[in-house]
Structure formats: C-alpha cells, structure tokens
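Peer 1: Take a look at the following structure, please.
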Amino acid sequence: MQFYIREMNEIYATDILNWKYEEPYDFYNNDLCDESLKEFLESPYYSIFNDKEELVGFYCTGTAAQVPKGRDFGAYLDECIDVGIGMKPELTGKGYGSEFFSFILNQLQQENHSPLRLTVATFNTRAIHLYEKLGFKKVMEFTASTEFITMKKVMNRLVN
C-alpha cells in the first residue's frame, strides 16, 4: 500500500476526531470539540492517505505527541523528537501497522537524525510489539490516568 502525507485541515481533523475504537482501544477515542479541533489544526499534525485517496491515519510530533503528566516524571527531558500515531479503527489489527509506521519513520528520518521517542499506554501490547519490532526500546514508565511507557529509537544516518 502506498501512503501520502497531506497537511492537516478541518475536514481531515473532524473525520479523525470522530473515529471510534473498540475496547480496550476506546481509550484513544476523542471528542469532537473546539479544543480538540484547535490542537489538530495548530499543532504539528499530519494526515496520511493511501493510494485510493482514503484517509487512513495521522501522526503528530513535538509536545502534541507527549502525555502532559509525563513531564512531571521527567519523561521528556532528553533531546528527542516525540511522535504519536493513529490509524483508522477499521484498519487496526489487520497487519498494516508495520507498513504504516515504517512510512512515518522514513518521513521523519528524511527530515532529521535526532532520536525518536513515543509514549504508549502499557495495555496496548499490540502497539508495543510493533514499536519493538521497528527498533524502539523501553526507556521509562509513569502513571497518569493510566500507565504509560516511553520508548526511544536512535535513527540511522542516511548515506547518499
């Protein structure tokens, strides 16, 4: 499957904010409200489409990808690029995760070579397995409203 990045806009953000995941992943459900819409439009969020022009996911970077409470535990002290991802609920658990997240990692690697960090809820073993498969290592654990871990990946330098 081919993927393409598009700038986030109100139509894409509204669609994403209406996605509904099944338990236990309903933890990731959002509410369509002015505050959420503003975050998607004013923070570094990017929409991802497939070759059929279907919105299949998104990613975000920077503080938008962090769990705010994690700062109290020192989870984000070292210099990394934080990344968060989301895939359309109908596509999750069907084997697309590796291809989807690899595409995002390749995009980020083209832009910089800083280590990448992500934060994931500990119950999300499916995602943790994917992240480990793609070279992320657990760094720390903290508890906010749920238990989270941060994971880090050192990016390879591209050779021309």
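The values are calculated or read from the model by the stated rules, or taken from the named source; none is laboratory data. Here the structure is a predicted model, which is why all the values come from computation and not from measurement. Note that each Cβ is placed from the backbone with ideal geometry, even for glycine, and that neighbours are counted across all protein chains shown. Areas reflect the complete protein model, heavy atoms only, side chains present, ligands, DNA and RNA absent. Shrake-Rupley method; radii C 1.70, N 1.55, O 1.52, S 1.80 Å.
Peer 1: To the nearest 0.05, what FRET efficiency results for Tyr28 and Glu132 with a Förster distance of 22 Å applied to their C-beta separation?
Peer 2: The formula returns an efficiency of 0.70 here.
Peer 1: Suppose each label sits 7 Å from its Cα in the direction of the beta carbon; what would the Gln107-Thr125 distance come out to in nanometres?
Peer 2: If labels sit at Gln107 and Thr125, their model points lie 3.0 nm apart.
Peer 1: So what's the convex hull volume per residue for the Cα atoms of the chain, in Å³?
Peer 2: Per residue, the Cα convex hull of the chain comes to 121 Å³.
Peer 1: I would also like to ask the following. Run the simple label-point estimate for Gln2 and Val139 please: 7 Å along Cα→C-beta, distance reported in nm.
Peer 2: 3.5 nm
Peer 1: Assuming a strict under-19 Å limit between Cα atoms, what lysine pair count do you get for the chain once near-sequence pairs (fewer than 8 apart, same chain) are dropped?
Peer 2: So the count of such lysine pairs works out to 13.
Peer 1: If you filter the range 57-113 for trypsin sites (Lys or Arg not before Pro), then keep DSSP loop positions with at most 15 other Cβ within 10 Å, what is left?
Peer 2: Lys94
Peer 1: Right, here's the next one. Near Leu118, within a Cβ-to-Cβ distance under 9 Å, what is the net charge of the other residues, with Lys and Arg +1 and Asp and Glu -1?
Peer 2: +2
Peer 1: Any chance you could check the Cα centroid distance between the range 80-97 and the range 1-29 for me, in angstrom?
Peer 2: Here the answer is 9 Å between Cα centres.
Peer 1: Quick check on packing: order 117-124, 139-146, 9-16 by the mean number of other C-beta atoms within 10 Å, highest mean leading.
Peer 2: The densest-packed peptide leads the list: 117-124, 9-16, 139-146.
Peer 1: Further, regarding this structure: Which percent of the accessible area of the range 1-82 is formed by carbon and sulfur heavy atoms (probe 1.4 angstrom)?
Peer 2: Ligands and nucleic acids excluded, carbon and sulfur reach 47 percent.
Peer 1: Keeping all protein chains in place, calculate the accessible area per residue for the chain (probe 1.4 angstrom), answer in Å².
Peer 2: 57 Å²
Peer 1: Taking the Cβ of Ser43 as the centre, find all other residues whose Cβ is under 13 Å away and add up their charges (Lys, Arg: +1; Asp, Glu: -1).
Peer 2: Net of charged neighbours comes to -4.
Peer 1: Let me ask something additional. Using a simple spin-label model with points 7 Å from Cα along the Cα→Cβ vector, what separation in nm is obtained for Ser98 and Asn18?
Peer 2: Here the answer is 3.4 nm between the modelled labels.
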